[in-house]
1. Modelling each spin label as a point 7 Å along the Cα-to-Cβ direction, I'd like the GLU541/VAL63 distance in nm, to one decimal.
2. Quick check: from the Cα gyration tensor, does the chain come out rounded (a/c under 1.5), prolate or oblate?
3. I'd like the carbon and sulfur percentage of the solvent accessible area for the range 385-447, probe radius 1.4 Å, heavy atoms only, ligands and nucleic acids excluded.
4. If you look at just the Cα atoms of the range 292-348, how large are its Rg and its Dmax in Å?
5. Provide the percentage of antiparallel DSSP beta bridges, counting only those with both residues in the range 626-754; round to the nearest 5.
6. First check a/c for the range 381-524, with a ≥ b ≥ c the square roots of the eigenvalues of its C-alpha gyration tensor; if it is under 1.5, answer rounded, and if not, answer prolate when a/b is larger than b/c or oblate otherwise.
7. Would you mind putting 735-742, 86-93 in packing order, based on average other-beta-carbon counts within 10 Å, highest first?
8. Return an integer: the convex hull volume of the alpha-carbon atoms of the range 553-671, in Å³ per residue.
Amino acid sequence: MTTTDPDTGFRALDATPMGYGSMRRKEDARFVRGKGRYLDDIVLPGMLHAAILRSPHAHARIVSIDTSAAEAHPRVRAVITGETLAGLGLAWMPTLSHDVQSVLATDKVRFQGQEVAFVVAEDRYSARDALALVDVEYDPLPAVIDAQHALDADAPVIRDDQEGRTDNHIFDWEAGDAAATDDVFARADVVSSCDMLYPRSHPAPMETCGSIASMDPVSGKLTVYTTTQAPHAHRTVYALVAGLPEHKIQIISPDIGGGFGNKVGIYPGYVCAVVGSIVTGAPVKWTEDRSENLMSTSFARDYHMRGEIAATHDGKLLGVRVTVLADHGAFNGTAQPSKMPAGLFHVFSGSYDLAAAHCAVTGVYTNKAPGGVAYACSFRITEAVYLIERLVDVLAHDQGWDPAELRRTNLLRSEQFPYTTALGWEYDSGDYPRTLATALDMAGYDELRAEQKQVRSAYERGESPMLMGIGLSFFTEAVGAGPRRTMDILGLGMADGAELRIHPTGKAVLRLSCMTQGQGHQTTFAQIVAEELGISPDDIEVVQGDTDQTPFGLGTYGSRSTPVSGAATAMVARKVRDRARIVAAAMLEVSPDDLEWEKGAFRVAGDPAAAATMNEIAMAAHSDLELPDDVEGHLDATCVYNPPNLTYPCGAYVCVVDVDTATGQVKVRRFVAVDDCGVRINPMVVEGQVHGGLADGIGMALMEVMAFDTDGNHLGASFMDYLLPTAMECPSWELGETVTPSPHHPIGAKGVGESATVGSPPAVTNAVLDAIRVRHADMPLTPAAVWRAVRGTPLRT
Ligand code: PCD
């Protein structure tokens, strides 16, 4: 039971060692009143509006583009084509994966929905109307839609813009020890293998992407208001692409209506808005509509995996090997650390003690949108967790083993931490058996199995079409990229800055490089400072999202804000506290060593009445107080935090489903999620994060898929076809926790923002397949897919 303090509105401090616990989110006062300020709320004086003409073809040569009729439209101010951009050297832009992407097509279009022309008009309607006046002649080409055929000898070459290219191959990449893994497989008693597709999906945030560019012709300063999760990284990329110095570029990220990885990259519309502003001399706003968002700005997943798992007769897991065919679309624009073309996929040995593991990943081009974004996923960990958690279930299915028992006997034990996996990751901490036991306990696993038996016997007697399934998953995530030694994006190392200013009255301003998209940073980062300095979170302002006002850092994705910026925040607050000790010593006329810290005040050891509070210290630090010669005044501090390692949150999930075999309909009856993200800063925020991710998992497992027909027509370009889960499909979540602090994080916290999105799809899938006793069927397990799987004719997506 939780109680609420009537004065503060804080929930009781639960199990959390962080002060202020589940305090209400400071930002919600604005959001729940509809007073958020999103990109589309921003109106600049004289602002023009833009729309993008997109390709109807998946693959076609551009014969000609005639813009004269559009230009003649009375309210149109500019029509920009690839040719205009080529004149400025901007027809192509760099991607996050060292490829180039067409900004506006010049030679060919390579996916349906690709950007072809950019119309700037006095209002949004005229810009859209004028799109119909641009006359493009296309010469259609055969398209490569199925990644499995991308490397066929007769496959059309998609990227003929690259000199000498004769195929659609992007990269081959391996991790792990192939020979050692083969050895383990040769010695294994049992091996199970499975082909599985993690289908192409989309982050689909509530707010789509957009940008307003304003180039001031007098000062030469470019201001870009944009929906970006990584304002500083964007500024550097603009600087490199446009040849402008960083101080002449200001990126402002206003409130963001969900990012989920969709707002990490730079899209053609952003670059065109800048060019549009330069050409017209006015600010230019471009915002996507829903179909444009679904069709063109970043997909996720699309991993075709063949996995194998090896074990002994008595159920000891020995090794895993996997080959992956990764569909990267028409331009290699995946977002992940530069040195890792498959991201952190090689964390796929999961939560088990394996002797060896190996993966080989091949990336290919297809005539689909570029992206490969880490949609609620620390760079392909979602695919990795799905792979291993499905393989464990397939093995259990093949051998007639209980999936809970198989996991229980193979999980890493707490004394094995820090644990280095066969693929080289050093897991920091965890108590996996306890996390699993908590989940099984909460679920009442044995009773559920007994009930399942009864349901099945009624089904077998022909009395009921219903079956019941119990699905498990146990995941380990690796979140909080860097360290910068091993992880960078386009050469920018993954460390974050933090600046903390303490005003004379003791109020504080914390400036951060990361960027909230709904996670509640305004509250939780204030709580970290509050914990370290004893200042009330209400007196701490958190500033993000404006590059002119915040220190450099790589932004918010891969659940890295808490592990990296959160650590920077604790460290910068500790610097302030160290300075405050010296000031307090001067105030109390004692040596700094004689002072003891008690949240919010320094007291003289042995004389507790002699004390200075943070408020008093802050004022004194700005006063005429005599300080030692080597101590500057004020309390302000800055810090750059380069994480020594990732943090490794984990979780055990149990999903219970009811399957109607007559209709194929799946109902998620219960979902138990026990997450361990180390110390929780704000347990209520953590619960909110987990709720969102669990809903994501129901979406992925049961309904979401970006499908295409054989010509490359996008079949999921609206929410009529690309189905998202709603409250209707979600049960009342049952959450639990274990807390194993991260030993290397200053406050012991690990990231959690993506945990549930990563951990839940295999739990739901395992539950459905457990109900119908089918070894494997690909997500999404729509009613049609389940109906056919029950009847032995599985659908492949
Ligand atoms: N926390 C706490 N504690 C702990 C941890 C954490 O409290 N231990 C909290 C914090 O503070 C914050 C949150 O929680 O507030 C989260 O965190 P993190 O984990 O660190 O994360 P971040 O970085 O902040 O964020 C990010 C994430 C991601 S990545 C994603 S996808 C998603 C998530 O986040 N997104 C989103 N969640 C969310 N929510 C919302 N509302 N919205 C959004 O959009 Mo990617 O890579 O981008 O794909």
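1. In this crude label model, GLU541 to VAL63 measures out at 6.0 nm.
2. In terms of gyration-tensor shape, oblate.
3. 46 percent
4. 15.8, 52
5. So the antiparallel bridges amount to about 75 percent of the total.
6. Here the range 381-524 falls in the prolate category.
7. 735-742, 86-93
8. Cα-based convex hull of the range 553-671, divided per residue, equals 209 Å³.
The values are calculated or read from the model by the stated rules, or taken from the named source; none is laboratory data. Please read these numbers as outputs of a predicted model, since none were measured by experiment. Cβ sites come from the backbone with ideal geometry, for glycine too, and all protein chains shown count toward neighbours. Keep in mind that these areas ignore ligands, DNA and RNA; they rest on the heavy atoms of the full protein, side chains included. Shrake-Rupley method; radii C 1.70, N 1.55, O 1.52, S 1.80 Å.
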